[in-house]
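The values are calculated or read from the model by the stated rules, or taken from the named source; none is laboratory data. Here the structure is a predicted model, which means the values were calculated and not measured. We place every Cβ from the backbone using ideal geometry, glycine too, and count neighbours over all the protein chains shown. Just so you know, the surface numbers come from the protein's heavy atoms only, side chains and all, with ligands and any DNA or RNA stripped out. Shrake-Rupley method; radii C 1.70, N 1.55, O 1.52, S 1.80 Å.
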Amino acid sequence: MAKKQFKAESKRLLDLMINSIYTHKEIFLREIISNASDAIDKLAYLSLTDDKVGLSRDDFRIRVTLDKDARTVTVSDNGIGMDRESMEENLGVIAHSGSLKFKSEMEASEDVDIIGQFGVGFYSAFMVSDKVTVVSRAYGAEQAYKWESSGTDGYTVTEADKPDVGTDVVMHIKPDSDGEEYSQFLETWKIRELIKKYSDYVRFPIRMDIEHTEYVETGEEDEHGHKKTEPVTHTEEETVNSMVPIWQRGKADATDEKCIEFYKDRFHDPDDPVAVIRVNAEGLTSYRALLFIPAKAPYDFYSRDYKPGLSLYSSGVMIMESCPDLLPECFRFVRGVVDSPDLSLNISREILQHDRQLKVIAGNLENKVKAELLKLMTSDPEKYDTFWAAFGRQIKYGIVGEYGMKKELLKDLLKFYSSNEEKLTSLNDYVSRMPEGQKYIYYAAADSLRTAAGLPQNEQVRAKGYEILYLVEDIDEFAVQMLYSYEEKELRSVSGADLGLETEEEKKEQQETAESSKDLLDFLRDTLKDDVVDVRLSASLVSSAVCMSYEGEITLEMERYFRQMPGEAGERIKARRVLELNPSHPVFASLTSAFASDKDRAAKIARVLCAQAKLLAGLPVEDLSSYSDAVCSLI
């Protein structure tokens, strides 16, 4: 029979299908099995109204056969089959899909999920095959037909012998060449691996011949008197796929224990997750999701090598192993799967098109994760603290990232160490404990709990009986500054210029003291102009002599953070430092006396006090030798 040319726009289109649309050659098996599943679905649907079909749902199956000698992989089904016209229409015209037509006709049926929509998946077989043969017999027909093609040079359709209804797709695998190992697709372990990876949840059984080896005694003994054994290999046909995924099962069947077992096996995590989230959404966008919140961060979580995202399925067929668009970056630690029949996929089913359905699912999952974390925070604080130890930093990054776009979503999840509770506390719990009259949420930022608790600026806040949050990670202060307030309570650093704790009478007294010490303060500003932008009398110090505060948006902790960065940025970004002196401390009296009688001594005292304030704030003292000499000369 004369060879026919493809009716679609020439050889270039088929070449595009084979070489450009699909990025992973291994998905050819997914596409052929999906087509087989579609064909069975059509006949199964027909059997509901046609008694002549003679098959129940349990009778349908897909079979994968390997022949190493012939270099063929065959996928067989007992589905609806094709006649000559169907072959011409579906295999001779690229991008024509009978599945799409069938799907549109059967939208009212809840039990039919047709995966193929574009009619190009079949041609992925040519990525690994130099010849493809399709033998099919349509339901209700006596004659079978064979479609055969070696690619862009066209195809033939001839009569064939086939005793049963259904389709056999025979792929002749290419020889290895140019670094491409096509022979791997003739190995049972590889094909089984691909079925488990991409088609594990196709609803019909996928059967394969699996070899098993056991060792049996020969009746003889070796030189040591041990009984000899020899390997005996036998082949059994087995169902390779699971068919019904755990997320499609009811809770009675898919218990939390089974879900956790699935999580450990799927994501190679030896530890139980802190939470299991199930979602079964129906409506304009229907989908199921099974999500897990891990207890520990993977070793590469904060590196570029980590691949965030949920595994995405469409009607049980895996589309993307890691789809990052289903959850925001702040929840990148969540693992799990999403399965929906309503997603709009691109032509190769490898890339998800950004459409309304995707945004709806992503928005719902985002809210589900937050709700589960809030529930965990209140119902099982110990588990939440386990989560926080692993991923608290990621939540804080989420608040800072994207110019604070997610701060409203995340603010209730934050936890910091509390001076009163002596453990982690949420902002909500902090606010609930605030005494009447407290205007602000106070925090102290340092590089450790011990340093934060020891800051002299804490004294005035503690004297009022107010709680202080200790911020000890680099990201903390960036996060609270981006947040700015919580429940209409502004967050204020104890190292800031104004803590809002002085009464009008105290402010007036402070102003009078500053005016009487104007000459001394001017002298100190001039003496320390290379280190600070201002010298003031402090309202926040009670027993300490001195402290370093700041004015403006760059805090002392931020300066310390940027100082660790390489390059000029670390040197340029500095806080506007302010030296604060306690006018009630004996040291201030000594400084005042020295200023009146010995300006050089007063300057030394000023430099020593400035260096002490730096050390208390965790800032470096650049000239330690001069500092030591000044201390020794004053003793």
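Tabulated data for the structure shown
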item: Cross-link pairs beyond the 27 Å C-alpha cut-off, checked among K25/K359; K197/K251; K258/K415; result: K25/K359; K258/K415
item: Pairs from K190/K307; K370/K411; K368/K396; K574/K599 whose Cα-Cα separation, in the structure shown, is over 22 Å; result: K190/K307; K574/K599
item: Electrostatic dipole magnitude of the chain [Cβ: Lys, Arg +1; Asp, Glu -1; Cα centre; debye, to 20]; result: 1340 debye
item: Structure-derived Rg/Rh (Cα atoms, Kirkwood Rh): which label, when the choices are (i) 1.06; (ii) 1.19; (iii) 1.21; result: (ii)
item: Full-stretch length increase - K518, A297 - with 0.36 nm per residue and alpha-carbon distance subtracted; result: 74.0 nm
item: Distance between region 439-476 and region 222-246 - C-alpha centres, whole angstrom; result: 65 Å
item: Within the accessible area of the chain (1.4 Å probe), percent carbon and sulfur; result: 47 percent
item: Separation of the K375 and H234 label points, Cα + 7 Å toward Cβ, nm; result: 4.9 nm
item: 15 Å beta-carbon shell around S590, net charge (K/R +1, D/E -1); result: +2
item: Set of aspartates and glutamates near K227 by C-alpha distance (under 19 Å), chain-local residues within fewer than 8 positions excluded; result: E214, E217
item: Summed residue charge, Cβ within 14 Å of M405's Cβ, Lys/Arg positive, Asp/Glu negative; result: -1
item: Largest-first principal axis extents of the Cα set of region 178-302 (Å); result: 69, 42, 33
item: About the Cα centre, charge dipole magnitude for region 572-619 (Lys/Arg +1, Asp/Glu -1 at Cβ), debye; result: 380 debye
item: Accessible surface, the chain, averaged per residue in Å² (probe 1.4 Å); result: 50 Å²
item: Net charge contributed by nearby residues that have their C-beta within less than 14 Å of D265 (K/R +1, D/E -1); result: 0
